Each structure stands twice: as structure tokens, then as C-alpha cells.
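The values are calculated or read from the model by the stated rules, or taken from the named source; none is laboratory data. Small disclaimer: the values here were computed from a predicted structure and weren't measured. A quick note on method: Cβ atoms are made from the backbone with ideal geometry, for glycine too, and the neighbour counts reach across all protein chains shown.
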Amino acid sequence: MKHFYKQWPLLLVVVIFIPFQNGIGQKKNVVILATGGTIAGAAATGTQAGYTSGQVGIDTMINRVPGIQELANLKGEQISNVGSQDMSFDIMLKLAKRINELTSGGNVDGIVITHGTDTMEETAYFLNLTAKTDKPVVLVGSMRPSTAVSADGPLNLYNGVAIAADPRAQGRGVLVIMNDHIHAAHSLTKMSTTDVQTFMSPLRGLVGVVAYGKSDFYNMPPWKHTSESEFDVTGVTKLPRVDIIYADVDMSPDLIDDSVKDGAKGIVIAGVGNGNMTKAAVDACSRAVKQGVVVVRSSRVATGLVGRNVELNDDQLGFIASDELNPQKSRILLTLALLKQRPPADLQTLFMTY
Ligand code: ASP
């Protein structure tokens, strides 16, 4: 007992000082990069369907979320203010470069990006391939505008900041936080045009859940991403053209021929079933390959993978199978892959790896 009294100052140092030295108890620094979307949208009344995306600035958005400043030291930056139907490769490149700048120093612990939901999966996947960091990078959006009764944006933003400040989110690649669910950029897709519960990761399931900032993580996405990715957009200002062409009954080959004539370097077929298309479309794709255009077979079906050499002989035709990537994410991967000359076998490997 005597000894204990003598040593209590030392104990105090251990209990108070060491956790602070390890960062426990300290607020993390999170930067919010705002791009627009419904989360920044506004309508004349709280109960009407019509609204305009990208109306509210980032500082107003932060100020409207009670308690958010307690989760982290926050700084907002306005990158753009557009509906994500107008998201562009220029804005995506700006985002990737800014994330790389911010996360390469020691002052920023995590990034949140506010974004429209229409093309959120594309930007998330683009950043999954081009953000060179293990620090948390998360996208949040909303299905209801900021002025709506029961707007879903503020809680999504609150949860997004909580995850960006959470060291357990590190190394999982870019994440999307919507409606209490944590998705991996590789696997999520928008499933409903209007429902608040719009995103699903049909093949791989959730990375975790988050409610009022408290989270559980279930999965580590198995794909290569972020700091392990070979794609580097430093110095890149323009990306090669890749078109998506939708397959259907009695599909005409003209769209494929025209795409090649118009200068596409790659074509992604949103095929029927397991990446199939009419015989005439296969012949047009084969002509495209002979002219040096890369053809990827993906699927218009919402879930399942597209395998090599199933109903078409990809080896003979020189086509690439998209594996688990839907047409819009296949386009992102192919666009980045085409920054460099690669043989078909290497391109196929990228689709199995990323
Ligand atoms: N059109 C909107 C956008 O993508 C929809 C949304 O954000 O939910 O910006």
C-alpha cells in the first residue's frame, strides 16, 4: 500500500499521457471535398419531388449537422457543385490529385467526398484506383435534397465523417457510406432510382454498418486498390475515350462501327446475360479489335460475373471478360488501363485483380 501511494504520479502519467501520445482521445483531422449532388440540392418546399442538385455550399452543409464538429476537426473545400449526371473525368482527376496532396502529409487523417448518387459508384471506383493512400477515403450522398422533410444527407455526412476519422476504415479502399451501410467501391451499385435504400453490393455484401457514428466492420475487400494500385494520374490531364454500348434483341452493329470511327480506344459491351450480343455485334466487335480497339464484355444484368470463353471464344476473338465489374466500372478501369499500351492477357488480369 505504501508503495502504491509513492507511485501514483507515475500511474497518472501512464493513464493520461500515453493514450494521448498514441492518438487515442485526440480528434482526427478530416477534410470534406464537396462536389454537389442531391445532398447539396434544394427545392422550394420540403415535400415536392422536383429539386435542383448542387445548390448548397459545403460550409452550410457542415453547419446543418448537429454534433458533427465533435467527431473530428473539419475543413471543407468546394471542388465543384454539380449534379453527378454532370460529373466528368476532369473533376475526378481534380479530386484524385487533391486527395493525394492532402493525404501525403501528416496533417490529414481522412477524407470525405460529398457526391451525387447517380454516378457515385464510378467516382468511388475511379478513386479506388487512383488515390495513393491507406487513409480512409469515403463518399457520401443522399437521395433527398437538403430541404426535404426527412432529408437523409445530414446523417449520411455525420456517419461519413465518423468513418473517415476511424483507423479501422484504413486499408479497405474507397468506401461509400449511405443509409447506415458501408460499401466497397468495387462492389456497390445503385439499385433504385428514388428509394433512400438505393445502394447494394449484390455479390460481395457490405463492408460494415454505421449508425449515428458507431460502426461495425465485417469485410476487408479483396481487390487491389489505392496505395497498391498501379494506376497513377500524376500529370494526366486527358483520358482516352471508352464507350459503353448496350446490347439488346436484334442489336445493330452500327453503334460499334461508329464508335470506332469516332475515335474510341475501348468499347465496353453491356451485354445480355453473360456478356452476350447478336452475331452481327460480335462481328463488329471483332472488326474493332483488328483495328486496335479493346473490347470488354460486361453485362446489363445487375448481378453475377461475366466469364471468359463461355458462349463466345474470347481467346480467338481477342475480347476481355469483365469478371465482376458492371459496364460503368469496366469503363473506368479500361479508361485508366489504356493510359499505357498493354497486351490483352495483361488487360484481362487487371479485370480479375482490381
Ligand atoms: N441526380 C442527382 C445526382 O446524382 C441524384 C442524387 O444525388 O441522388 O447528383
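Before moving on, here are some points about what is shown:
- In region 160-170, the residues that are of a type outside the set (D, E, K, R) and more than 16 Å from Gly37 (Cβ to Cβ): Val161, Ala162, Ile163, Ala164, Ala165, Pro167, Ala169, Gln170
- Leading residue by the ranking (nearest to Asp109 (Cα to Cα)) among those in region 9-51 that are of a type in the set (Phe, Trp, Tyr) and modelled with pLDDT under 50: Phe20
- Checking each residue in region 87-112 for being touching a residue at least 12 places away in the same chain (Cβ under 8 Å) and within 21 Å of Leu336 (Cα to Cα) picks out Met87, Phe89, Ile91, Met92, Leu93, Lys94, Leu95, Ala96, Lys97, Arg98, Ile99, Asn100.
- The C-beta contact set for region 115-127 (first residue of a type in the set (S, T, N, Q), second residue assigned to a loop (DSSP other than H, G, I, E, B), distance under 7 angstrom, 6+ apart or interchain) comprises Thr117/Gly37; Thr117/Gly141; Thr117/Met143; Thr117/Thr198; Thr119/Met87; Thr123/Met87; Thr123/His115.
- Within region 132-153, residues that are at positive phi sit with their Cβ atoms under 9 Å from residues that are assigned to a loop (DSSP other than H, G, I, E, B) and at pLDDT 95 or above, at 6+ positions apart or across chains, in these pairs: Ser150/Gly46; Ser150/Arg144; Ser150/Val196.
- Boolean, Thr303 is in a loop (DSSP other than H, G, I, E, B), in contact with a Pro (Cβ under 7 Å, 6 or more places away or on another chain) and touching a residue at least 24 places away in the same chain (Cβ under 8 Å): yes
- Asp86 surrounded by fewer than 24 Cβ atoms within 10 Å (Cβ to Cβ), more than 22 Å from Leu175 (Cβ to Cβ), modelled with pLDDT of 95 or more and within 16 Å of the ligand (Cβ to nearest atom): yes
- Considering region 192-219, and only residues there that are touching a residue at least 40 places away in the same chain (Cβ under 8 Å) and within 16 Å of the ligand (Cβ to nearest atom), the residue that is surrounded by the most Cβ atoms within 10 Å (Cβ to Cβ) turns out to be Phe199.
- Whichever residue in region 336-349 is within 17 Å of Ala131 (Cα to Cα) and in a helix (DSSP H, G or I) and, among such residues, is nearest to the chain's Cα centre (by Cα): Leu336
- Selection from region 127-144 of residues that are of a type outside the set (A, V, I, L, M) and touching a strand residue (DSSP E or B) at 6+ places or on another chain (Cβ under 6 Å): Lys135, Pro136
- Flag if Tyr354 is among the aromatic types (Phe, Trp, Tyr) and surrounded by fewer than 16 Cβ atoms within 10 Å (Cβ to Cβ): no
- In this entry, Met251 passes the filter for residues that are part of a loop (DSSP other than H, G, I, E, B), surrounded by 14 or more Cβ atoms within 10 Å (Cβ to Cβ), hydrophobic (A, V, I, L, M, F, W, C) and modelled with pLDDT of 95 or more.
- Here His225 fulfils each of the conditions (1) over 27 Å from His183 (Cβ atoms); (2) crowded, with 21+ Cβ neighbours inside 10 Å apart from (1).
- Residue that is nearest to Gly116 (Cα to Cα), among those in region 141-159 that are within 14 Å of the ligand (Cβ to nearest atom) and among the small types (Gly, Ala, Ser): Gly141
- Some residue of region 264-272 being assigned to a loop (DSSP other than H, G, I, E, B) and either modelled with pLDDT of 95 or more or farther than 24 Å from Thr123 by Cα (or both): yes
- Count of residues meeting criterion [assigned to a helix (DSSP H, G or I) and within 13 Å of the ligand (Cβ to nearest atom)] in region 32-59: 3
- For region 179-220, a residue qualifies if it is β-branched (Val, Ile, Thr), closer than 20 Å to Thr38 by Cβ and assigned to a loop (DSSP other than H, G, I, E, B), and the qualifying residues are Thr193, Thr194, Val196, Thr198.
- Residue check, Ala148 within 26 Å of Gln55 (Cβ to Cβ), small (Gly, Ala, Ser), crowded, with 20+ Cβ neighbours inside 10 Å and over 14 Å from the mean Cα position of the chain (by Cα): yes
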